[in-house]
Amino acid sequence: MKIALPIKLSLRTIALLYLAALVLFPLGAILYRTFENGFVEFWGLITTPAAQSALQLSLLIVAIVVPINVVFGVITALALVRGRFRGKGILESIVDLPFAVSPIVTGVALILLWGANGWFGGIESLGFKIIFALPGMVIATIFVTLPFVVREVEPVLYEIGEEQEEAASTLGASSLQTFWRITLPAIRWGLTYGIVLTVARSLGEFGAVIMVSTNLPGISQTLTLLVNSRYEDFNPQGAYAASTLLMFIAVIVLLLMTTLDEKRTK
């Protein structure tokens, strides 16, 4: 169907205005408020002990969550694509569950499971604290980022098929050798894209993490929690600075995603 030029221009204008209203104007306002008093003040606000601790904790959670999601995400994707077993549809639904469930609900569920009075709360008597500590924040982040590696690797596995893996097996390669030499190189771009999405989601998670965190500066406060805390403490300038720091990290992740997506489609 051929669309007239005026209609095309109108649609493009509407789309650009819509994106500008939802994304560009709010982000531009944050950047303006962040740097209205100069870069020195911004630098001072993001180098406070609380801000440095929040950044380090956020990166630590990412460093723990990403390897776990990579290992279990690839295993799950292989099971869904290559496996033939009962309950496969249930497993598919479980993988997509974090997309449907509110992060707040996730946090409440973790408290019911791992809290002091939860089903597995007795573990605290052994000196291992889950809720309102780093392990609870990690578990919450793992849950909300669960689908990304699986859903990025799964279509690649369908695309490459099983012929090369079967040929390697026929030539005497073990399952592990086949995975390292055939499967992993074939899924590397999908896997890397899933990792980037996991990193972005981990850094920006708020709802599930705040439910299982004390939100105390220097103890269990991530960057997203720091933004909220500063705003509630009537420190909007500090909140804008922390938001801008998160934005800079998000831009780096976005550029990486774009680069990987271009390589993957070649």
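The values are calculated or read from the model by the stated rules, or taken from the named source; none is laboratory data. These numbers were taken from a predicted model, which means no experiment stands behind them. With ideal geometry, Cβ positions are generated from the backbone for all residues, glycine too; neighbour counts draw on all protein chains shown. Note: accessible area is taken over every heavy atom of the protein model, side chains too, but ligands, DNA and RNA are not part of it. Shrake-Rupley method; radii C 1.70, N 1.55, O 1.52, S 1.80 Å.
Pairs only if they're at least six apart or on different chains, beta carbon under 6 angstrom, first in region 38-59 and closer than 11 Å to Arg230 by Cβ, second surrounded by 20 or more Cβ atoms within 10 Å (Cβ to Cβ) and hydroxyl-bearing (Ser, Thr, Tyr); list them, first residue then second.
Ala54/Thr222
Do we find a residue being of a type in the set (A, V, I, L, M) and either touching an Asp or Glu at 6+ places or on another chain (Cβ under 8 Å) or in a loop (DSSP other than H, G, I, E, B) (or both) anywhere in region 3-23? Explain how you work it out, then say what you get.
In the first step, residues of region 3-23 are kept if they are of a type in the set (A, V, I, L, M); the result is 3-5, 7, 9, 11, 14-17, 19-23.
From what is left, the residues that are either touching an Asp or Glu at 6+ places or on another chain (Cβ under 8 Å) or in a loop (DSSP other than H, G, I, E, B) (or both) are 3-4.
Yes.
With modelled with pLDDT of 90 or more and closer than 20 Å to Thr141 by Cβ as the only criterion, which of Leu256, Leu225, Leu216 stands out?
Only one candidate passes the filter, namely Leu225.
Does Gly136 count as in a helix (DSSP H, G or I) and buried (at least 16 other Cβ atoms within 10 Å of the Cβ)?
It is true that Gly136 is in a helix (DSSP H, G or I) and buried (at least 16 other Cβ atoms within 10 Å of the Cβ).
So which of Glu124, Glu152 ends up being assigned to a helix (DSSP H, G or I), open to solvent by less than 60 Å² (accessible area, probe 1.4 Å) and farther than 18 Å from Thr198 by Cα?
Glu124
Looking only at region 90-100, how many residues end up being within 23 Å of Met137 (Cα to Cα) and either open to solvent by 40 Å² or more (accessible area, probe 1.4 Å) or in contact (Cβ under 8 Å) with a residue 60 or more places away in the chain (or both)?
Let us first name the residues in region 90-100 that are within 23 Å of Met137 (Cα to Cα), namely 94-100.
Now narrow it down to the ones that are either open to solvent by 40 Å² or more (accessible area, probe 1.4 Å) or in contact (Cβ under 8 Å) with a residue 60 or more places away in the chain (or both): 94, 96-97, 99-100.
Count: 5.
State whether the residues of region 82-89 include one that is open to solvent by 70 Å² or more (accessible area, probe 1.4 Å), farther than 27 Å from Leu246 by Cα and among the aromatic types (Phe, Trp, Tyr).
Restricting attention to region 82-89, the residues satisfying the condition of being open to solvent by 70 Å² or more (accessible area, probe 1.4 Å) are 84-86.
Now restrict to residues that are farther than 27 Å from Leu246 by Cα: 84-86.
Remaining after also requiring among the aromatic types (Phe, Trp, Tyr): 85.
For region 82-89, residues open to solvent by 70 Å² or more (accessible area, probe 1.4 Å), farther than 27 Å from Leu246 by Cα and among the aromatic types (Phe, Trp, Tyr): present.
Quick one: how many residues across region 121-172 are among the hydroxyl-bearing types (Ser, Thr, Tyr) and in contact with a Ser or Thr (Cβ under 8 Å, 6 or more places away or on another chain)? Steps first, answer last, please.
To start, the set of residues in region 121-172 that are among the hydroxyl-bearing types (Ser, Thr, Tyr) comprises 125, 141, 145, 158, 169-170.
Adding the requirement that they be in contact with a Ser or Thr (Cβ under 8 Å, 6 or more places away or on another chain) leaves 141, 145, 169.
Of the residues in region 121-172, 3 are among the hydroxyl-bearing types (Ser, Thr, Tyr) and in contact with a Ser or Thr (Cβ under 8 Å, 6 or more places away or on another chain).
Quick one: which of Leu60, Leu80, Leu55, Leu110 is in contact with an Asp or Glu (Cβ under 7 Å, 6 or more places away or on another chain), of a type in the set (A, V, I, L, M, F, W, C) and assigned to a helix (DSSP H, G or I)?
Matching residue, one of Leu60, Leu80, Leu55, Leu110: Leu80.
Does region 190-223 hold any residues that are among the β-branched types (Val, Ile, Thr), in a helix (DSSP H, G or I) and more than 30 Å from Pro155 (Cβ to Cβ), and which are they? Spell out the reasoning first.
Taking region 190-223 and keeping what is among the β-branched types (Val, Ile, Thr), we get 192, 195-196, 198-199, 209-210, 212, 214, 219, 222.
Okay, now just the ones that are also in a helix (DSSP H, G or I), so 192, 195-196, 198-199, 209-210.
Within region 190-223, Ile210 is the sole residue that qualifies.
Could you list, ordered by first residue, the pairs with Cβ atoms under 6 Å in which the first is in region 62-87 and within 13 Å of Leu191 (Cβ to Cβ) and in contact (Cβ under 8 Å) with a residue 40 or more places away in the chain and the second is among the charged types (D, E, K, R) and surrounded by 17 or more Cβ atoms within 10 Å (Cβ to Cβ), at least 6 apart or interchain?
Every condition considered, the pairs that remain are Ala77/Glu154.
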